[in-house]
Each structure stands twice: as C-alpha cells, then as structure tokens.
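Visitor: What follows is a structure written as structure tokens; I'll ask about it next.
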Amino acid sequence: MEVAIVGAGFSGAVVAHLLAKSGHKCTVFEIRSHLGGNCYSERDPKTNVMKHVYGPHIFHTDNERVWNFVNQFSEFMPFVNRVKAITGGRVFSLPVNLLTINQFFNKTFSPSEAKAFIEQVAEKDIDEPQSFEDQALKFLGHDLYEAFFKGYTLKQWGIHPSDLPASILKRLPVRFNYDDNYFNHKYQGMPKNGYTEIFEKLLEHPLISLNLSSDFDPDSKSDFDHVFYSGPVDKYFKHKFGRLPYRTLDFEAFYAEGDYQGTAVINYCDEQVPYTRITEHKHFSPWEDHAHSICYREYSRSCGNGDIPYYPVKLLSEQGQLDSYIKLAKQEKNVTFLGRLGTYRYLDMDVTIAEAMIVAETFLLACEQGNTMPSWLEESK
Ligand code: UDP
C-alpha cells in the first residue's frame, strides 16, 4: 500500500518505521524543517550541550514493550528526574514527598505521621474530586496546594485550577517517603546522543520518503491508500468549528559559566515570577562534561495562529467543540488520527509510542484480513 504519514514526531515516525518494515511505501510530511516534533534535540553550537529545543523531555515508562522498542534506536543512559521547586523564597523537592512535607511544615514526621498530618489538613468533604483544585485540596490540603500548585498552574494553563480537570494533577504522585523521583515508572532514561538520532534511525528506510517543511493538504488524501494524521485534528478539518485551544511555550535562552542551578529542572511556583521553570540542559547528560552551560527560562501562554501547539487545554466544562471534531474524525474514510495533536490529548512520549505501535499493527492486520482501518482507535478516547 501507499500511505501518507503526517508529522514526524513519535506518532508518525513509529508508524512509518513499522509499516515500511512490512513493505508499505510511506511518504512522510513534516511541516517543520526538522524531524522529531517537540522531542527534537540538538547540540548547542556555543556550549556543545545537547539541548532539548522544545523543553525538557525525560523518557519514562512502565511499558516494557515500549522500552525495548526505543532501546533499539539509542542507548539510554541512566537518568532520574529529581525536580526542585522554589516557592516563597525557599527550595523544596518535588513531587511532594516526606522531605517536602517536613521542610515545608518544619517537622520531623515519620511516614505514618506525615500521612496522618496530611489527612488532617486535607479537605475531607470532597468525595470525588473533578477539578484540579479539588484533587489538590483533597490529597494535599490548602497550604501545599497554594504553595506548589495554584500559582504554577495559573501560569502554566492560564486558567484557574477549579476549571481544570483533576487528571492533570493525577500525573504527579504524593509520597510519604523520601523518594524524590519525579516519575513512578519502572524505566527511565535519556538517549545518549539526544532524541533526534532516534527519529533519524526510525525513518531510515528505502520505502520511507521524508518531506520536511511540507504541509499536508487533506484534499490530497485520495493520492494515497491511507493517511496517518498526527497533525492538529482541528487543522485537518480547516478549523470548521473554530480553533481548539492550546498552550504554547516560549523559551528564553541564556548562558552561564560552570553550574548555573545544580540540577536539570527548577520549578518556580510563585505566581508573581513570570516563568514556570528553568531548565539547565547539561544536567540531562550527566555523563558528559561541559564547562559552559545553556539554560532556558520557560514561559507559557495561549497558542496563537502561528505558534507551536504544546498542551491541549481541556476545561472541566465545555467539550462540545472537541466532540464535534472527534465525530467528524470518526467518519473520515482512509484516514487515522493519532498522537497528541491528532487526538487532542496530553500524552507522554511512551503512551504516544505505544499507541502508534497499536495503530501500525491494526493497519497491518486490517490489510492482511481485508478489513477497513478505523479512523479513530478506542485507545484514543
Ligand atoms: N504543577 C504545579 N506545580 C509544579 C509542577 C506541576 O502546579 O511545580 C501542575 C501543573 O498544573 C502541571 C501539572 O501539575 O501542568 C502536571 O505537571 P507535569 O510536571 O506533569 O507537567 P509537564 O512537565 O508535562 O509540563
């Protein structure tokens, strides 16, 4: 079959790789001048540090299949994300753990004492938290919520936490021990030579033709047997129901001598500090040695027409616009929507890869059995 693949981020690159390996001809359209989507990394010419050009990407997963898959394309170096957070002029450890609680409340609690204490300060009358704010108040109480989450979330999403879904906060664990690993997953690591190499290897196949700086016109879908679309779903339908809201990020790069902040990521949780975090890229490659440093101050804002979309903004209320697009997507023939932009979901890299693998396998099976390929997979609800 001859397929078009729109987007050369993880969704598109994984599908192209798996289909080309099975003998299908893949034409990849990537609107940017490089592959890798927001995972793209490159060496900074001044410092030679590997930069995460679109902000920090730490690979973590519980999915052994995904872990084994990515390890075919890069050596992954041991890396544990240990985030620090500054609030009210003091530095703490995130995610909220026993050290955070003890330092914040100036206590020496044991795990069970800390648990009992948080239960006491938490809001007990919230049964099933729907909003980000309710989730925080129920599991952390007012003070930790105000210090670490309220201001940061207002800056990050531009929306009050009471209007955001609880699922956003559920990404972060709360621990009553001293484990300060930001992620709960079994596997975590950093690709030794950066992410871009993974995409180059994924897309290196005689049956894959890669078109960078090329937009895909949905009107040309009939030139192909099937289209895998990982661009924005609203763009595919020419914004017929208006633009789905996204947050975009601005990075203000600056250079420093030696070690600027002593770790890869420091969050700035106070609302009056305009940026959300500072990333010092060389700490993502602790096995390398660099005298000079490059850092990014990260600012979040509403995504305008020419901006790069990062985070889909899903409000607790109002889902009508998205539902209208999903309905159209489900009816579209010979197209499959996938990935963060194609299905408008806040996806981590590992989930994106896992879903792309399933999409490719579903297609291969459909070809074998003469079935139609669904345009929207059940997993992508
Ligand atoms: N968050 C926060 N304070 C922090 C870190 C995270 O309020 O110091 C909130 C914020 O709303 C964020 C969400 O928790 O969007 C999920 O955090 P995560 O670190 O997963 O965000 P990402 O790295 O994906 O931007």
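The values are calculated or read from the model by the stated rules, or taken from the named source; none is laboratory data. A quick note: this is a predicted structure, and the numbers were derived from the prediction, not measured. Note: ideal-geometry Cβ built from the backbone for every residue, glycine included; neighbour counts use all protein chains shown.
Visitor: Which residues, counting only those in the range 126-152, are touching a helix residue (DSSP H, G or I) at 6+ places or on another chain (Cβ under 9 Å) and either more than 24 Å from VAL313 (Cβ to Cβ) or of a type in the set (Gly, Ala, Ser) (or both)?
Guide: Residues satisfying the conditions are ASP127, SER131, ALA136, GLY141, HIS142, ASP143, LEU144, ALA147.
Visitor: Can you work out which of the residues in the range 276-315 that are in a loop (DSSP other than H, G, I, E, B), within 16 Å of the ligand (Cβ to nearest atom) and surrounded by fewer than 17 Cβ atoms within 10 Å (Cβ to Cβ) is modelled with the lowest pLDDT?
Guide: Filtering first and then ranking leaves LEU315.
Visitor: Just need a number here: residues in the range 246-270 that are away from the ligand (no atom under 15 Å from the Cβ), among the acidic types (Asp, Glu) and more than 25 Å from GLY36 (Cα to Cα).
Guide: 2
Visitor: Pairs under 9 Å by beta carbon, first residue exposed (fewer than 15 other Cβ atoms within 10 Å of the Cβ) in the range 235-250, partner aliphatic (A, V, I, L, M), six or more apart or different chains?
Guide: LYS240/LEU328
Visitor: For the range 69-113, give me each residue that is farther than 23 Å from MET349 by Cβ and in a loop (DSSP other than H, G, I, E, B).
Guide: First, the residues of the range 69-113 that are farther than 23 Å from MET349 by Cβ: 86-93, 96-113.
Answer for the range 69-113, where residues must be farther than 23 Å from MET349 by Cβ and in a loop (DSSP other than H, G, I, E, B): GLY88, GLY89, VAL96, ASN97, ASN106, LYS107, THR108, PHE109, SER110.
Visitor: Here's another thing I want to ask about it. Within 16 Å of the ligand (Cβ to nearest atom), modelled with pLDDT under 95 and over 16 Å from the mean Cα position of the chain (by Cα), is that true of LEU377?
Guide: On the way: within 16 Å of the ligand (Cβ to nearest atom): no; modelled with pLDDT under 95: yes; over 16 Å from the mean Cα position of the chain (by Cα): yes.
For LEU377, the condition - within 16 Å of the ligand (Cβ to nearest atom), modelled with pLDDT under 95 and over 16 Å from the mean Cα position of the chain (by Cα) - is not met.
Visitor: Of the residues ASP234, ASP217, ASP225, ASP179, which single one is of a type in the set (Asp, Glu) and more than 29 Å from LYS333 (Cβ to Cβ)?
Guide: Values: ASP234 fails: more than 29 Å from LYS333 (Cβ to Cβ); ASP217 fails: more than 29 Å from LYS333 (Cβ to Cβ); ASP225 fails: more than 29 Å from LYS333 (Cβ to Cβ).
It is ASP179.
Visitor: Scan the range 316-338 and tell me whether some residue there is among the hydroxyl-bearing types (Ser, Thr, Tyr) and either modelled with pLDDT under 95 or within 14 Å of the ligand (Cβ to nearest atom) (or both).
Guide: First, the residues of the range 316-338 that are among the hydroxyl-bearing types (Ser, Thr, Tyr): 317, 324-325, 336.
Still in the running and either modelled with pLDDT under 95 or within 14 Å of the ligand (Cβ to nearest atom) (or both): 317.
Checked against the condition, which is being among the hydroxyl-bearing types (Ser, Thr, Tyr) and either modelled with pLDDT under 95 or within 14 Å of the ligand (Cβ to nearest atom) (or both), the range 316-338 yields at least one hit.
Visitor: Right, here's the next one. From the list ARG32, ARG90, ARG65, pick out the single residue that is surrounded by 15 or more Cβ atoms within 10 Å (Cβ to Cβ) and either at positive phi or out of contact with any helix residue (DSSP H, G or I) (no Cβ under 6 Å at 6 or more places or on another chain) (or both). Walk me through how you get there before you give the answer.
Guide: On the way: ARG90 fails: surrounded by 15 or more Cβ atoms within 10 Å (Cβ to Cβ); ARG65 fails: surrounded by 15 or more Cβ atoms within 10 Å (Cβ to Cβ).
After ruling out the rest, the residue left standing is ARG32.
Visitor: Tell me whether the range 341-362 contains one or more residues that are in contact (Cβ under 8 Å) with a residue 24 or more places away in the chain, assigned to a loop (DSSP other than H, G, I, E, B) and among the small types (Gly, Ala, Ser).
Guide: No, because not a single residue in the range 341-362 is in contact (Cβ under 8 Å) with a residue 24 or more places away in the chain, assigned to a loop (DSSP other than H, G, I, E, B) and among the small types (Gly, Ala, Ser).
Visitor: Name the residues in the range 82-93 that are near the ligand (Cβ under 9 Å from one of its atoms) and in contact with a Leu (Cβ under 8 Å, 6 or more places away or on another chain), would you?
Guide: So in the range 82-93, the residues near the ligand (Cβ under 9 Å from one of its atoms) come out as 83, 85, 87.
Within the range 82-93, VAL83, ALA85 qualify.
Visitor: Take the residues of the range 35-62 that are farther than 29 Å from ASP215 by Cα and within 16 Å of the ligand (Cβ to nearest atom): which is surrounded by the most Cβ atoms within 10 Å (Cβ to Cβ)? So that I can check it myself, show each step before the final result.
Guide: Narrowing the range 35-62 to residues farther than 29 Å from ASP215 by Cα: 46-49, 60-62.
Among the residues that remain, those that are also within 16 Å of the ligand (Cβ to nearest atom) are: 60-62.
Numbers: HIS60: 20, THR61: 22, ASP62: 12.
Out of the qualifying residues, it is THR61.
Visitor: So, in the range 172-217, how many residues would count as being buried (at least 16 other Cβ atoms within 10 Å of the Cβ) and either free of Cβ contacts under 8 Å to residues at least 40 places away in the same chain or of a type in the set (Phe, Trp, Tyr) (or both)?
Guide: Within the range 172-217, residues that are buried (at least 16 other Cβ atoms within 10 Å of the Cβ) and either free of Cβ contacts under 8 Å to residues at least 40 places away in the same chain or of a type in the set (Phe, Trp, Tyr) (or both) number 7.
Visitor: Okay, next question. Only one of these is away from the ligand (no atom under 16 Å from the Cβ) and either buried (at least 16 other Cβ atoms within 10 Å of the Cβ) or within 30 Å of GLY194 (Cα to Cα) (or both): PHE79, PHE117. Name it.
Guide: PHE117
Visitor: Next question, about the same structure. Those residues that are within 30 Å of MET373 (Cα to Cα) and in a loop (DSSP other than H, G, I, E, B), I need them from the range 246-268; list them, please. So that I can check it myself, show each step before the final result.
Guide: First, pick out the residues of the range 246-268 that are within 30 Å of MET373 (Cα to Cα): 246.
Matches in the range 246-268: none.
Visitor: When you look at SER324, is it polar (S, T, N, Q) and assigned to a helix (DSSP H, G or I), yes or no? Steps first, please.
Guide: Working: polar (S, T, N, Q): yes; assigned to a helix (DSSP H, G or I): yes.
Yes; evaluated as a whole, the condition is true for this residue.
Visitor: Name the pairs whose Cβ atoms lie under 7 Å apart, with the first residue in the range 77-88 and over 10 Å from ILE58 (Cβ atoms), the second among the small types (Gly, Ala, Ser), and 6 or more positions between them or separate chains?
Guide: Correct list of pairs: MET77/GLY189; PRO78/GLY189; LYS84/SER93; THR87/ALA147; GLY88/ALA147.
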